[in-house]
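Worksheet: one structure, shown below.
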Amino acid sequence: MPETGVNPTHSKSTGLPRKRFYRARAHSNPLSDSHFPVPISPSHVDYSLHYPQFFPSSDQSDSSRKIQFADIGCGFGGLLISLSTLFPETLMIGMELRDKVTEYVKERILSLRVANPGQYQNVSVVRTNSMKYIPNHFEKGSLSKMFFLFPDPHFKEKNHRRRVISPFLLDEYAYVLEVGGIIYTITDVEELGDWMKSCLKNHPLFEPLTEKELEADPVVKLLTSATEEGQKVARNAGQTFQAVFRRIVPSDQIS
Amino acid sequence: MDEEVVTESRKETEVAPALVSVHPDGHYVAVAVGPELRVFDLIGGCAASLVDDSVDQPFHKDNIRAIRFGANGKLFVSAGDDKTLKIWSSQSWQCISTVSSEKRVTAVAISNDGLHVCFADKFGLVWVVDLNQPSRDKKPTPLLSHYCSIITSLEFSPDNRFILSADRDFKIRVTNFPNNPLNGAHQIQSFCLGHTEFVSCLAFVPAQEGPHSLLLSGSGDSTVRLWDISSGALLDTCEVAVKAGLLESNGKAEEHDHAVTNLCTTLDGLLVAVSIQSLRGIVLLRCNVSAQTLSVAKVVSIAGEAFIPTCLANNPLTRELWMVTGVSNLPGYNYPSLARVLVISGIDVEQEPVVLGDNKIPGGEKLLETLQGTASVDDNAFLVAAEAVKAAMCNLLIKKQYPSENREYRKKTRNDRKLKE
Ligand SMILES: C[S@@+](CC[C@H](N)C(=O)[O-])C[C@H]1O[C@@H](n2cnc3c(N)ncnc32)[C@H](O)[C@@H]1O
């Protein structure tokens, strides 16, 4: 953690890490494994490392507080930063596959904590392949929101199974989401937008939010504006396609 | 690089361990080695002749990776590297249907009502076949998926409510098996997480009093674990290799020398037979269902020959444990498919188990000729075979990607042990 302003990878004026020192390959292949530790089970996640102010010691047995928001493929972390102050009491985490990007987000959060004492204590990031290790990080029904903002499109038919929204992966997302929990997706690629919407629509454990509900949800507005990718699309006045769905109990099980 | 799972070096995984399965009524014993399927009729005292009108012998064109009898004793399935699943009548031994898979098949299971067969492919996808479909060439439908992992074991819970899938990423997934599985199985009941290496095998301890059956799993981490599948809670961990005295507690053994390779419950789960890589024999565990604990009951050694079982099966009626060792395509040997069958009788809490000599084995010499291919095999070959199986298993299932993580874990468990002493 940088103690003073002499870190060359950080901006002198703001103390925040500068993105150009954390550039990485634009896309990673989620099928190839790399070196990162994976928690054996959600109870092995050390909350004191992620949220030291909420968890002063690594003994978590006294706390019932759990991570509730997950930003999957969080990129440079813009969404988390916005959500952090909007929901200051909610623990949230970004999951990112690229090493350097994850390091950038880590530094970004640490700098924000230093610059704004008491704030940004509820947000963290972990380097992992979300397509493989979601169940290692979250207990059943523990999340209330999951975000998939501007995921990699993987255009080719044979690469569709690399998409982070797919019929089978939705089973796992439904598992970690609580009933009533919400999954937010957005993209500037129309074909991917259609794909994500149809995967969700055809899944028995999800239903779309109504127009009214979408309007009332303050988080929906962040989808286009909060992330780096979203801002890029907005600058180019690009179109976006969103799908926001709720985790439900399947109709054949309501007694 | 694309398709991590398929680009595994073909050469190293080419040897396939021999498999054994016993009919639930003890009527038949089946052994698979390489592409060959051999079945012996214990009641008739002769080889059963398998009939498949669609192909010539051998019925599978590549290594068989999974065989099993259905719980009601009517069906038998076999599947493997030739991307076909064959469903046989285990009465007439006619092939009822041949199912084509897009990828090689790694595991199979038959639902306990005998209505569905599930199989897992090399991409971590589990498929379901509806046996009520009238056509002979049944089409499989995708059921669920482990994202780009290799599924090592599939198992239905005894009450048929859940399908369990274990993988090389240390994971066991418990999924509700729906009334209409052709629409997929989307409701995950739990994940059983705790193993620190690939999960190699699953077995159920049927419910005696309580509503739920308990699950057992074996792993490359040299442990057998006991689980509550409805919550995924880890109830007990038995470090079989250490407890059976195979491993110095300073963990000097070569890596994965003591991977648990197979599990088999006997006496309704009171005793659990465990095969371990490098162990010439088996370990019997005692499972205390009400206390929810596992402990080592005894180690049954096989004297006089180099027999490290690759697969176990239980004959519930006679209380015999059937064991097989062997491989296909053993490098440097003339046997295309090498298999050796042994039986341990007297698997009981009170009795002393006995390893039967070849002259005492049920079915006698005829059985050995049928299942082994020959009545006697060169002992040396089995040592080579054991090494080949170990190498193949490591290549397929060990995640070389996390060496530091594993080392950390082992260090930790060692320290824990030191502190207790
Ligand atoms: C196009 S970026 C979008 C980032 C961010 N959500 C935004 O809107 O700015 C997609 C991100 O997902 C990450 N990613 C892709 N596959 C992933 C996986 N399997 N697990 C975790 N992150 C992944 C990529 O590394 C990349 O940073």
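The values are calculated or read from the model by the stated rules, or taken from the named source; none is laboratory data. The structure displayed is predicted, hence computed values, not measured ones. Ideal geometry is used to build each Cβ from the backbone, glycine not excepted, and the neighbour counts take in all protein chains shown. Heavy atoms of the whole protein, side chains included, go into the accessibility calculation; ligands, DNA and RNA do not. Shrake-Rupley method; radii C 1.70, N 1.55, O 1.52, S 1.80 Å.
Some points to look at:
- Result for chain B in a Gaussian network model with C-alpha springs under 10 Å: among B:Leu164, B:Leu131, B:Leu271, the largest mean-square fluctuation is at B:Leu131.
- Mean projected area of the Cα convex hull of the range A:65-253, taken over all directions, amounts to 11.2 nm².
- Sites B:Ser49 and B:Ala71 - FRET efficiency at Förster radius 22 Å, r taken between beta-carbons, to 0.05: 0.35
- Charging the Cβ of each Asp and Glu at -1 and of each Lys and Arg at +1, and nothing else, the dipole of the protein assembly as shown about its Cα centre rounds to 1840 debye.
- Buried surface for the B/A pair, taken as the accessible area of each chain alone minus that of the pair with a 1.4 Å probe, is close to 2700 Å² in total.
- Point-charge dipole on Cβ atoms (K/R +1, D/E -1) for the range A:65-253, about Cα centre, debye to 20: 460 debye
- Placing unit charges on the Cβ atoms of the charged side chains and taking the dipole of the protein assembly as shown about its Cα centre, the candidate lying farthest along the positive direction among B:Asn288, B:Ser231, A:Thr85 is A:Thr85.
- Measuring nothing but how far apart in sequence close Cα pairs (under 8 Å, 6+ apart) lie, relative to its length, chain B scores a relative contact order of 13 percent.
- Placing +1 on the Cβ of every Lys and Arg and -1 on the Cβ of every Asp and Glu, with nothing else charged, gives chain B a dipole about its Cα centre of roughly 660 debye.
- For chain B, built as a Gaussian network whose Cα springs stay under 10 Å, the top-fluctuating residue of B:Arg161, B:Arg173, B:Arg65: B:Arg161
- Chain lengthening between B:Ser376 and B:Ser100 when straightened (0.36 nm per residue, less Cα-Cα): 95.8 nm
- log₁₀ of I(q)/I(0) at q = 0.06, 0.08, 0.11 Å⁻¹ - the protein assembly as shown, Debye sum with one point per alpha carbon: -0.37, -0.64, -1.12
- Sparse-neighbour loop sites [GluC sites (Glu not before Pro); the range A:53-105; at most 12 other C-beta within 10 Å; DSSP]: A:Glu89
- Solvent-accessible area per residue for the range A:65-253 (1.4 angstrom probe, square angstrom): 40 Å²
- Solvent-accessible area per residue for chain B (1.4 angstrom probe, square angstrom): 39 Å²
- Note on A:Glu178 and A:Leu49: the model spin-label points, each 7 Å out from Cα along the C-beta direction, lie 2.6 nm apart.
- Taking every DSSP beta bridge that has both ends in the range A:65-253, the antiparallel portion is near 30%.
- For the range A:65-253, carbon and sulfur atoms together expose 51% of the accessible surface, with a 1.4 angstrom probe and every protein chain in place.
- Computed over the range B:312-375: relative contact order in percent, which uses C-alpha pairs under 8 Å that are six or more apart: 25 percent
- For the listed residue pairs B:Lys74/B:Lys103; A:Lys66/B:Lys171; B:Lys74/B:Lys139; B:Lys139/B:Lys390; A:Lys140/B:Lys243, the alpha carbons are over 29 angstrom apart in B:Lys139/B:Lys390; A:Lys140/B:Lys243.
- Two-site FRET efficiency, A:Asn116 against B:Ser295, from Cβ-Cβ distance with R₀ of 51 Å, rounded to 0.05: 0.40
- Remark: spin-label model distance B:Gln91-A:Ser198 equals 4.5 nm, labels positioned 7 Å along the Cα→Cβ axis.
- Across the range A:94-213, the mean sequence separation of Cα contacts (distance under 8 Å, 6 or more residues apart), normalised by length, yields a relative contact order of 24 percent.
- Isotropically averaged projected area of chain B, using the convex hull of Cα atoms (one quarter of hull area), nm²: 19.9 nm²
- With a Förster radius of 51 Å applied to the C-beta separation of A:Glu89 and A:Lys158, the computed FRET efficiency comes to 0.70.
- Where labels lie 7 Å past Cα in the beta-carbon direction, separation of A:Lys232 and B:Glu350 in nm: 7.5 nm
- Distance between the range B:21-95 and the range B:142-207 - C-alpha centres, whole angstrom: 24 Å
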